[in-house]
1. Quick check on this structure: which one of ILE86, ILE75 is within 13 Å of LEU1 (Cβ to Cβ) and either touching an Asp or Glu at 6+ places or on another chain (Cβ under 9 Å) or not aromatic (Phe, Trp, Tyr) (or both)?
2. Restricting the search to the stretch 30-40, which residues are in contact (Cβ under 8 Å) with a residue 40 or more places away in the chain and farther than 14 Å from GLY62 by Cβ?
3. Given TYR73, TYR40, which one is under 14 Å from LYS121 (Cβ atoms) and within 16 Å of the ligand (Cβ to nearest atom)?
4. Let me spell it out: the conditions are (1) within 11 Å of the ligand (Cβ to nearest atom); (2) among the polar types (S, T, N, Q); (3) open to solvent by 60 Å² or more (accessible area, probe 1.4 Å), and GLN55 meets all of them except one. Which number is the exception?
5. Could you say whether any residue in the stretch 58-76 is open to solvent by 80 Å² or more (accessible area, probe 1.4 Å), out of contact with any strand residue (DSSP E or B) (no Cβ under 7 Å at 6 or more places or on another chain) and modelled with pLDDT under 95?
6. Out of the stretch 1-27, which residues are without any contact (Cβ under 8 Å) to a residue 24 or more places away in the chain and open to solvent by 30 Å² or more (accessible area, probe 1.4 Å)?
7. Does GLY118 meet the test of being at positive phi, over 11 Å from the mean Cα position of the chain (by Cα) and open to solvent by 20 Å² or more (accessible area, probe 1.4 Å)?
8. So SER94 fits all but one of (1) open to solvent by 40 Å² or more (accessible area, probe 1.4 Å); (2) part of a loop (DSSP other than H, G, I, E, B); (3) among the polar types (S, T, N, Q); what number is the exception?
Amino acid sequence: LNGPNLNLQGRRDTGVYGSQTFESYFETLKAHYPSVEFDYFQSNHEGELIDAVQQADGRYDGVVLNAGAYTHYSIAIRDAIAAIRIPVVEVHLSNVHAREEFRHKSVIAPVCAGGIFGFGKQGYLLAVDALEAMQ
Ligand code: DQA
């Protein structure tokens, strides 16, 4: 589940976020886990991300979430994560702690199972590994 501006991966700040589109990386990810069923959703809208988190409960074994900038201030997304029973792994492409101070705070981290940041798109794969290890 990708949040705002993450549809621009491959075009936006390629020095920070890489030059591959998420869609192309997603194919690699799926091929890596032939026995896992994946769905992908991206939205630039907070309410749609909240709906997606709520609807994931009971339908999936876990969620990999890059909430983008909402990570730093969306109490509503945090509350949605806290309200569901399945684990959510927080992912960031960049090392948010090596960037501006406003990116150091994650309001969702306390309600996520764990987090991975700083490894580019590989972070999504590591998050799936983490979810598999939790099953
Ligand atoms: C990001 C980090 C956020 O601070 C930023 O707003 C993003 C991308 C990352 O993946 O590194 O949109 O979540």
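1. Details: ILE75 fails: within 13 Å of LEU1 (Cβ to Cβ).
ILE86 is the lone residue from the list that is within 13 Å of LEU1 (Cβ to Cβ) and either touching an Asp or Glu at 6+ places or on another chain (Cβ under 9 Å) or not aromatic (Phe, Trp, Tyr) (or both).
2. Residue satisfying the conditions is HIS32 alone.
3. Working: TYR73 fails: under 14 Å from LYS121 (Cβ atoms).
Going through TYR73, TYR40 in turn, the sole match is TYR40.
4. (1)
5. Here is the first cut: in the stretch 58-76, the residues open to solvent by 80 Å² or more (accessible area, probe 1.4 Å) are 59, 61, 73, 75.
Filter once more, so that each one left must be out of contact with any strand residue (DSSP E or B) (no Cβ under 7 Å at 6 or more places or on another chain): 59, 61, 73, 75.
Now drop any that are not modelled with pLDDT under 95, which leaves none.
No, the stretch 58-76 has no match at all.
6. LEU8, ARG11, ARG12, ASP13, THR14, GLY15, SER19, THR21, GLU23, SER24, GLU27
7. On the way: at positive phi: yes; over 11 Å from the mean Cα position of the chain (by Cα): yes; open to solvent by 20 Å² or more (accessible area, probe 1.4 Å): yes.
Against the criterion (at positive phi, over 11 Å from the mean Cα position of the chain (by Cα) and open to solvent by 20 Å² or more (accessible area, probe 1.4 Å)), GLY118 qualifies.
8. Every condition holds for SER94 apart from (1).
The values are calculated or read from the model by the stated rules, or taken from the named source; none is laboratory data. Please read these numbers as outputs of a predicted model, since none were measured by experiment. Note that we place each Cβ from the backbone using ideal geometry, even for glycine, and neighbour counts take in every protein chain shown. Heavy atoms of the whole protein, side chains included, go into the accessibility calculation; ligands, DNA and RNA do not. Shrake-Rupley method; radii C 1.70, N 1.55, O 1.52, S 1.80 Å.
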